[in-house]
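Remarks on the structure that follows.
The values are calculated or read from the model by the stated rules, or taken from the named source; none is laboratory data. Only a predicted model underlies this, so the values are computations on that prediction, with no experimental measurement involved. Note: ideal-geometry Cβ built from the backbone for every residue, glycine included; neighbour counts use all protein chains shown. Heavy atoms of the whole protein, side chains included, go into the accessibility calculation; ligands, DNA and RNA do not. Shrake-Rupley method; radii C 1.70, N 1.55, O 1.52, S 1.80 Å.
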Amino acid sequence: MDGFLINGGPRLRGSVRSSGAKNAALPIMAATILCEGETVLHDVPHLADIESMAGLLNRLGVAVTRDADGTMRLRVEDEMNCQAEYDLVRKMRASVCVMGPLLAKRRKALVSMPGGCAIGDRPIDLHLMGMQKLGADVELQAGDVLLRAKRLVGAEMFLGGAFGSTVTGTANVMMAATLSKGRTVIEAAACEPEVTDLADFLNACGARITGAGTPRVVIDGVEGLTGCEHTVIPDRIETGTFMIAAAISNGEVVLENARLEHLLAVVDRLRHVGVNIEKDDGKVVASSSRRLEPITVTTQPFPGFPTDLQAQLMSLLALADGNSIITEKIFPDRFMHVAELSRMGARLHKEGPTVIVEGVKRLIGAPVMASDLRASAALVLAGLIAKGTTRVNRVYHIDRGYEKIEQKLAALGADIQRIRD
Ligand code: EPZ
């Protein structure tokens, strides 16, 4: 299993390009099940999760190919199979995004219930409620959910749960509603940029969706969709991770292919820490040359501070000049990184969904264990500034969501290398 060896210290300098967004590309790839003809996608990142989705689509009769320049081509060739098996869904929860398209286009979907997850409880009750509202029969069968419907019919629904809106739940219902009879209204829809990118893609294929990016999304069903050409939006979580990398190393990094409007809450919090984030000639520049201020932050659905940057921010605040307070409101148990950062000398006091981060002068390199995608990014960031050598094990977690992160960091001057066991 691969690991990273990182010698802390260098200030990061130079420019880095954010890849296309994993969390936009995955539902868009699933949405091609709805389409006739070929779909052409640009800027789909080369990631393990993307390969998993391509593998699942292949099983569902969708041919997925990549041109030499990375352009992805997808075309439905066989509509017989309607099952997303356990071995695929347990590897990647976003597999659940095939549920809506299968149900709407093939009138049947057999999808494995996603099991446990390192970041906490992740039920799909809202997805199922949404499909039932559209008229689907839903039946639990030995760990799988069987959904069937002669024809889905548009409906009004409130899709908010105990922790607010659901991103892939909104995506799933929105995809199913595109081919439903009549109008669907989703209240408390997720407003994430990835949901808007999916709606833009579907509308380019002939769907009639309005209000994406707001809590009220309206979908007027159509008879059919035809594949189109689409470029996936930049990965805002990757951009945010590199902003924090610049800050933690007191460096200066130019962020290419970055959309600040997708990161307003992140920029706001980082500026309160004392990080400079400027737009310069269309590019974003993140730099820091001073002591870091402690802050209070709570994760929220977009446009609030994203839960997918909570762990990375904790690494930064571990070095702030005072006590910070981080509250995780989306996945209250998402703190696998706390014990590992503590092994590097961070002073973290966890109380339920809140962690008090008592700033220290410095972190110390150590062997640490990655547990999930964003937690592993936090350990890499801590390693960039820690005294001595940090060895991050099980980096397959990070390969799921960051394209060649060690090469991008090394190009900015980091002393990092991938090692094979
Ligand atoms: C998406 O997951 C992202 N994944 C996650 O990113 C991200 O952390 C999350 O949204 C929140 O922003 C993809 O887009 C592939 P949710 P999703 O449904 O859609 C509860 C990463 O690191 N809930 O918005 O699965 C749920 O338990 C990943 O790239 C229900 O209660 O998240 C959570 O507390 C990790 N019932 C909250 O809602 C449901 O049916 C938000 O979850 C669905 C969700």
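Solvent-accessible area per residue in the chain equals 39 Å², computed with a 1.4 angstrom probe and all protein chains kept.
Apolar share of the accessible surface for the range 189-236: 48 percent from carbon plus sulfur atoms, 1.4 Å probe. Summing Cβ point charges (Lys, Arg +1; Asp, Glu -1) relative to the Cα centre of the range 271-418 gives a dipole of roughly 320 debye. Bridgeable aspartates and glutamates around K279 (alpha carbons under 16 Å apart, same-chain partners fewer than 8 residues away excluded): E252, E256, E261, D268. Summing Cβ point charges (Lys, Arg +1; Asp, Glu -1) relative to the Cα centre of the range 1-154 gives a dipole of roughly 360 debye.
In terms of overall dimensions, the C-alpha atoms belonging to the range 318-375 reach 29, 26, 15 Å along their principal axes, ordered largest to smallest. Projecting the Cα atoms of A136, F4, V173 onto the dipole axis of the chain, where Lys and Arg carry +1 and Asp and Glu carry -1 at the beta carbon, places F4 farthest toward the positive end.
Note on Q407 and R17: the model spin-label points, each 7 Å out from Cα along the C-beta direction, lie 1.2 nm apart. FRET efficiency for the E139 to C117 pair, using the beta carbon distance and R₀ = 25 Å, is estimated at 0.60. For the range 143-298, the share of alpha carbon pairs falling in successive 5 Å distance bins from zero is 2, 9, 15, 15, 14, 12, 11, 9, 7, 5, 2, 1, 0 percent. Taking the Cα centre of the chain as reference, the dipole from Cβ charges on Lys and Arg (+1) and Asp and Glu (-1) amounts to some 680 debye. Its Cα gyration tensor gives the chain an equivalent ellipsoid, and the semi-axes of that ellipsoid, as √(5λ) in whole Å with the largest first, are 38, 21, 20. Pairing the Cα long axis of helix 193-204 with the longest principal axis of the chain, what angle in degrees results, from 0 to 90 and rounded to the nearest 10? Long axis of 193-204 versus the principal axis of the chain: about 30 degrees.
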